[in-house]
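A short worksheet on the structure shown next.
Any read-out appearing in this document is the output of simple, stated calculations on the displayed coordinates, not a laboratory observation. What you see is a predicted model; the values in this text were computed from it and never measured. All Cβ positions, even for glycine, are placed from backbone atoms using ideal geometry, and neighbour counts span all protein chains on display.
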Amino acid sequence: MMEARPKDWIQEGLKELDGCQEELVDLITRVVQVPAPSNDEADRGKLIASLMREFGFPVVQTDAVGNVLGFFPGEDASKVIVSMAHMDTVFPRDTDLSVKRDGNILAAPGVSDNTASVCQMLLVGRIFARNVPLPHPVILIANVGEEGLGDLRGARYFCDHVEEYDFDGFKIDPVSLVFLNIDGGMGHIVNEGIGSRRLRVTYRGEGGHSWGAFGKSSAIHGMGTAIAKIAKIKVPEKPKTTYTVGVVQGGHSVNSIAQSAWMLLDMRSVAGGPLKALEKEVREILQWAAEDTGTTYEVEVVGDRPTGSISPDSPLVKTIVELGKEHGIEYHLAPSSTDSNIPLAKGWPAITMGFKRSENGHRTSEYLYIDSLVPGIKLLLECYGRLFYAL
């Protein structure tokens, strides 16, 4: 039988967190040095699962795609609070992950995005573990596949399979879900998901010697013709819609007509209609360029992030904004592409927030400000407190 938590357990937790800075720095240092590129997070996942068990999480599971889930029972299952903090990074496995500390700076690739968030979540989970049953059940998830071509794989899997999870007999009722996802920097609330479509386009040509086979079709010329036309597409400013060809590759020597070439194309919008219209125009250009240059092409969809939003007037957003005001924080609500895209697209209340300050995200020179970690983690615990008792 579980012991009842003390009435003032949130305040006791806040006092405990006052002294956690060095422990949190050490934990971040330990986790960030385990490589976790998108679609290759297993090593970090094993470490996080062991930490969850070490911190007393009542139930720890790793699902079919590698998400690591910690479950805490609650008294009232009419509301189940879920937090996802992605454990993958944008950096290849062979990246130097050495951590450098200089005064108030903690630097390493991925140190803030999103290792610090995962570690803040783990320490708050330790407080939860000492105070079960909580007012409502909580699921803390270190999820995979948020970055790049991970395509929100972990968030998508959890949301698509919610009813299949079994936490020692507890089954999730989808209508009960509320998401407080952890990513980004302090002062921002993501309440709108930027949708995206990402295409890998491969062109093929006849190829041959640059002199002897001159006039034969070139995959690079075909792809280049398409890129030049795509670059002139006019997109709406409102709702904001964007595109870019981010990667190109092809050919095998300077004096050869290219037989194959490929590119990665990213298209984004905060609204589904303009995104569909943009993709339609892009595909028409790809066909036109192939016909114009005597080449062929293939298209593979490698990313598909849905749009979705929650009103600033929703109880979830208003509750967190009001808490921020009490701490002198004026939250800026903005769209972004985060794990919240998936629950928002399914109609569940969801926001994404960060609880630390940092710079140089997605660069090997990424760093965070150490003095932001404790105020951030205490605010995170207070956010849960409001969701438990005020929402």
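Taking 8 Å as the Cα distance limit and 6 or more residues as the minimum spacing, I'd like the relative contact order of segment 195-305 as a percentage.
Numbers: 245 pairs, mean separation 50.1, N = 111.
It comes to 45 percent, rounded to a whole number.
Where does segment 63-142 land on the Kirkwood hydrodynamic radius, alpha-carbon pairs, in angstrom?
Value: 14.5 Å, from the Cα pair sum.
Listed by chain and number, the lysines whose C-alpha is less than 21 Å from the C-alpha of residue 229, apart from same-chain residues fewer than 8 away, are 240, 276, 280. Projecting the Cα positions of 205, 255, 286 onto the charge dipole of segment 195-305 (unit charges on Cβ atoms of Lys, Arg, Asp and Glu, taken about the Cα centre) puts 286 furthest along the positive direction. Counting every pair of alpha carbons in segment 198-262, the share spaced more than 13 Å apart comes to 65 percent. Gain on full extension, evaluated as 0.36 nm per residue between residue 170 and residue 232 minus their Cα-Cα distance, stands at 17.0 nm. Listed peptides 75-84, 243-252, 55-64 appear in the order 75-84, 55-64, 243-252 once ranked by packing, highest mean of other Cβ atoms within 10 Å at the front.
Other residues within the sphere of radius under 11 Å centred on the Cβ of residue 136, judged by their own Cβ, net out at -1 (K and R +1, D and E -1). Extending 7 Å from Cα along the Cβ direction at residue 288 and again at residue 240 yields two label points whose distance is 2.8 nm. Among 41, 322, 206, the ranking by other beta carbons within 10 Å of each residue's beta carbon, starting with the fewest, stands as 322, 206, 41. Between 170, 128, 214, the residue with the greatest mean-square fluctuation in the GNM of the chain (Cα pairs under 10 Å linked by springs) is 214. When only Cα pairs below 8 angstrom with a gap of at least 6 residues are kept, segment 1-146 shows a relative contact order of 37 percent. The equivalent ellipsoid that matches the C-alpha gyration tensor of segment 195-305 spans semi-axes of 29, 12, 10 angstrom, in descending order. Taken along its principal axes, the alpha carbon cloud of the chain reaches lengths of 83, 42, 42 Å, longest axis first. Looking only at segment 213-234, which residues have a backbone nitrogen under 15 Å from a spot 7 Å from the Cα of residue 253 in the C-beta direction? Under cut-off, by backbone N: 213-214. Averaging the sequence gap over all C-alpha pairs within less than 8 Å and six or more residues apart, then dividing by the number of residues, gives the chain a relative contact order of 22 percent.
Quick check for me: using +1 on Lys/Arg Cβ and -1 on Asp/Glu Cβ, what's the dipole size of the chain about its Cα centre, in debye to the nearest 20? Before the final figure, lay out each step's value.
Working: 39 positive and 51 negative charges, 182 e Å.
Its charge dipole is roughly 880 debye.
Taking label positions 7 Å along the Cα-Cβ direction at both residue 330 and residue 76, the computed distance is 3.4 nm, reported to one decimal. Above 14 angstrom, tally the Cα pairs of segment 233-286 and express them as a % of all pairs, no decimals. For segment 233-286, the share of Cα pairs beyond 14 Å comes to 60 percent. Partners of residue 171 within straight-line reach, counting lysines whose Cα lies under 17 Å from its Cα and excluding those fewer than 8 residues away in the same chain: 79.
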